[in-house]
Amino acid sequence: MYNHILISTDGSELAQRGVDHGLMLAKNLGSKVTVITVTEPYPLNSPATMASWSEAQQRHADDLAKASASRIGPSFEAVHASHGSPAEAIVANAAKHACDLIVMASHGRRGVGRLLVGSQTAEVVHYSKVPVLVVR
């Protein structure tokens, strides 16, 4: 059914529910998994070099994915994207890696809370050309 699943995480407890759900689905379906972590672009006022910043962000992405996958089992590729819009990076990476499903968590905010905070999940659902499984 789904051959390649892209799972999004920011390292939060909420996102972890999405990661666990996506990894379990992948295990049951025998699907390939790519776990993506999107961070803000390199801050110009950072004392770190751009190379060390990128390396640290990629290590962080790898660590987030490994912690879950080691418990659940499927093999995966960890991807780090540096982008001002996480939603755009997620949709672009789903296309780049030929994923046929995106799995991500959502707070489920509505009304003013959603307007103030914004919803990366809603943007992914809106712009994605592949199905999006939202875990709450």
Looking only at residues that are in contact (Cβ under 8 Å) with a residue 60 or more places away in the chain and β-branched (Val, Ile, Thr) in segment 84-103, which one is farthest from ASP20 (Cα to Cα)? ILE90
Please list, ordered by first then second residue, the pairs with beta carbon atoms under 7 Å, 6 or more apart or interchain, first in segment 1-30 and free of Cβ contacts under 8 Å to residues at least 12 places away in the same chain and within 19 Å of VAL124 (Cβ to Cβ), second in a helix (DSSP H, G or I) and of a type in the set (A, V, I, L, M). none
Output for segment 42-86, where each listed residue is β-branched (Val, Ile, Thr) and either in a strand (DSSP E or B) or modelled with pLDDT of 80 or more (or both): THR49, VAL79
Quick check on SER8: is it among the polar types (S, T, N, Q) and at pLDDT below 90? no
Answer yes if at least one residue in segment 87-94 is over 12 Å from the mean Cα position of the chain (by Cα), within 23 Å of HIS107 (Cβ to Cβ) and at pLDDT 85 or above, and no otherwise. no
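Evaluate segment 105-114: report whether one residue or more is within 17 Å of ALA15 (Cβ to Cβ) and at pLDDT 85 or above.
yes
The values are calculated or read from the model by the stated rules, or taken from the named source; none is laboratory data. Just so we're clear, the structure is a prediction, and the values are computed from it rather than from any experiment. We place every Cβ from the backbone using ideal geometry, glycine too, and count neighbours over all the protein chains shown.
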